[in-house]
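Contents: one structure, followed by commentary.
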Amino acid sequence: MRHFARFIVFAIILAFSSQAGIVRAAAAPTNPDEVAQQIANTFVQLFGDHPGYRLTHAKGIVCNGKFTPAASAAAISKAAHLHGEPVSVVVRFSDSTGIPVIPDGDPHANPRGMAIRFTLPDGNSTDIVANSANGFPAPTPIEFLGFLKALNATHPDSPHPNAFEQYLGAHPDTAKFVTTPTPTPTSFGTEKYFGNNAFKFVNQDGKEQFGRYQIIPVAGESHMDDATSAKQPPNFLMDEMKDRLSKGPVEFRLIVQLAAAGDSTTDATKVWPDDRSTVELGAISITRVDPKSDDVQRALAFDPTNLIEGIELSDDPMLPMRSSVYALSAKRRH
Ligand code: HEM
């Protein structure tokens, strides 16, 4: 995540200003419900308490469109939306952090989010929840909690090595991740998004393959430097999407990157090399901003584990944890 380093500095400042940064050392919880609750609580400490909004990715815009499967998709999965007729999609683009009024040009709003709900003819649905960072800062829920707590325990004037520096020193994959820059996109439609956690894809013959989603903008990738993003109006990305859609559809390719032998399917800090083979799953064509975007986004609750036959969970421990924390966030909002 290319600007995550700056997100961290921001989080440190927030923690300092809210006086939430003074955290007592405590044994890591082992019960998954307790871990989920502590992650949720730490998001609130980092970003502030904003009832009615998501704990993270609080600011967003909901769009509508359709997904047309590619001919190649059925070979990897028997999932209903990956063959046959196009299906409707609801897509929510979002800024990072749990701050509902974060300016779109703020570097801490990176990485951007793209969540997709596919609505199936039988009334079921399935979700992809992706963001613009290739990789994740922690391999397990406990380590993610440790990462968030280290952030929260670090003030701008903490003596060095502070809690966060100590965490990075002990976690080289996290250090690599947080120092990878993430520039601001010129549009939500010119950003590439990554699913990061692996799923198991199963086809009609029962063949199983592990893969990670990538969502590629047909318009190409386009970003701006910090000096330019700092001059943008606070809602420029939300407004730009409305403007772009008034001129025509915003399109993406949905692909899946396949694991090669030896690639980790349980650790999203391990980014697979670019030379891994990919399969074209289909085309996402977004046609409008939902006129009731604000109401709809409050009601919507995406879940990366909302799956249908043909796509299964991998053993990545982050997936069930994500589901639990998203549910806590949605419950709080609803
Ligand atoms: C354990 C790891 C993670 C935790 C605890 C977590 C937590 C959360 C929470 C609480 C929300 C708000 C959900 C809601 O209220 O509807 C959220 C939203 C989101 N997360 Fe995560 N997340 C994790 C990992 C990831 C990863 C790996 C990605 C990207 C691949 C990601 C992308 C997103 C996006 C795009 C949203 C906004 C969804 C929407 O538009 O409703 N998260 N996350």
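Of note:
- Matching residues in region 165-193 - criterion: being part of a helix (DSSP H, G or I), out of contact with any His (no Cβ under 8 Å at 6 or more places or on another chain) and among the hydroxyl-bearing types (Ser, Thr, Tyr): Tyr167, Thr174
- Leu328 satisfies every condition listed in (1) within 26 Å of Leu82 (Cα to Cα); (2) surrounded by fewer than 19 Cβ atoms within 10 Å (Cβ to Cβ) except (1).
- Residue match in region 282-305 (condition: within 16 Å of the ligand (Cβ to nearest atom), assigned to a loop (DSSP other than H, G, I, E, B), of a type in the set (Phe, Trp, Tyr) and over 26 Å from Cys63 (Cα atoms)): no
- Of the residues making up region 139-146, at least one is in contact with a helix residue (DSSP H, G or I) (Cβ under 6 Å, 6 or more places away or on another chain) and within 14 Å of the ligand (Cβ to nearest atom).
- Residues of region 78-133 satisfying the condition of being of a type in the set (Lys, Arg) and within 13 Å of the chain's Cα centre (by Cα): Arg92, Arg112
- Members of region 105-131 found to be surrounded by 22 or more Cβ atoms within 10 Å (Cβ to Cβ), part of a loop (DSSP other than H, G, I, E, B) and more than 9 Å from the ligand (Cβ to nearest atom), listed by number: Asp106, Asn110
- Apart from one condition, Thr266 fits all of (1) within 14 Å of the ligand (Cβ to nearest atom); (2) touching a Gly at 6+ places or on another chain (Cβ under 6 Å); the exception is (2).
All of the numbers you see were taken from the coordinates with simple rules; none came from a lab. Not measured: the values here are computed from a predicted model. Ideal geometry is used to build each Cβ from the backbone, glycine not excepted, and the neighbour counts take in all protein chains shown.
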